[in-house]
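Only one structure is covered here, and it is reproduced in the block below.
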Amino acid sequence: MVVCSMLGILGSFFVGFFNPRIVNKAGPDWFWMGGRDDVIRKLYFRPNGSFRRYGLPALVLTLAAGSMAFFWVLQRI
């Protein structure tokens, strides 16, 4: 049940990226541990929730590299 809830939140987070009518791409403040002052959020998003200049490509690259690293670790086990 927890995994399904997390997948639902992640799915809605990704759908928000590609919906042009949603201005706040960072999602709600409760989604981040530090709210608007979260360190990781500041790397990719501006305070108003829009992406920084290279925020979207950096976020996609981070998620892809993390997924590949996780897959690589699982292969070694």
Determine, yes or no, whether residue 8 is out of contact with any strand residue (DSSP E or B) (no Cβ under 8 Å at 6 or more places or on another chain), surrounded by 11 or more Cβ atoms within 10 Å (Cβ to Cβ) and at pLDDT below 85. no
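Please find, among 73, 39, the residue that is β-branched (Val, Ile, Thr) and open to solvent by 100 Å² or more (accessible area, probe 1.4 Å).
From the options 73, 39, the qualifying one is 39.
The values are calculated or read from the model by the stated rules, or taken from the named source; none is laboratory data. Just so we're clear, the structure is a prediction, and the values are computed from it rather than from any experiment. Here the Cβ is made from the backbone with ideal geometry for all residues, glycine too, and neighbour counts use every protein chain on show. Each accessible area value is taken on the protein alone, full model and side chains, heavy atoms only, with ligands, DNA and RNA left out. Shrake-Rupley method; radii C 1.70, N 1.55, O 1.52, S 1.80 Å.
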